[in-house]
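Working notes for the structure below.
The values are calculated or read from the model by the stated rules, or taken from the named source; none is laboratory data. Predicted model, so just to flag it, every value in this text is computed and none were measured. Note that we place each Cβ from the backbone using ideal geometry, even for glycine, and neighbour counts take in every protein chain shown.
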Amino acid sequence: MKYIIVLAATLAYATGAPVYTQEILDVHFACQNITEYFVPQTVFAQLEFQKVPPSDVDIPDNFDDHMFCMYSGLGFESDSGELDLAVAADKLKTLFVDPNNSAAIVSECAAPTQGLQDPVEVAGIFYFCTLPLYA
């Protein structure tokens, strides 16, 4: 299994796709194993690898719930929706074209979430802001 993950990460890097750390993968699969957070893998493939515009993807109603599960599981979104920008920048840096811009990307994408009370809404807004900057 580890060999497959390493191979996938290597291929992703070589083809300019986001690179998923073992931690990101572990949290993703843990969220996928919870029925209320399950999102078909085809949705992620379309958004993150095929670069299909979100408006052209059949995004399930629980997508933002899945992202909240991810972000809280990665330790950078609290139950109140507060984002820890330093942790987010560190955890997500391998997803971006230029990991050195991670702090700026995270800061820019956290701005539209300021003042929101719903952590699920925060997660969705944050994800769709960062998505166009994925490798």
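Miscellaneous remarks
- Across region 62-81, not a single residue is classified as without any contact (Cβ under 8 Å) to a residue 24 or more places away in the chain, loosely packed, with under 14 Cβ neighbours inside 10 Å and not aromatic (Phe, Trp, Tyr).
- Residue in region 98-106 that is touching a Ser or Thr at 6+ places or on another chain (Cβ under 8 Å) and buried (at least 20 other Cβ atoms within 10 Å of the Cβ) present: yes
- The residue of region 107-116 that is farthest from Val87 (Cα to Cα), among those that are surrounded by fewer than 16 Cβ atoms within 10 Å (Cβ to Cβ) and among the polar types (S, T, N, Q), is Gln114.
- Among the candidates Ser72, Ser102, the residue that is over 20 Å from Cys31 (Cα atoms), hydroxyl-bearing (Ser, Thr, Tyr) and assigned to a helix (DSSP H, G or I) is uniquely Ser102.
- Leading residue by the ranking (modelled with the lowest pLDDT) among those in region 6-55 that are outside any helix (DSSP H, G or I) and surrounded by 16 or more Cβ atoms within 10 Å (Cβ to Cβ): Ala17
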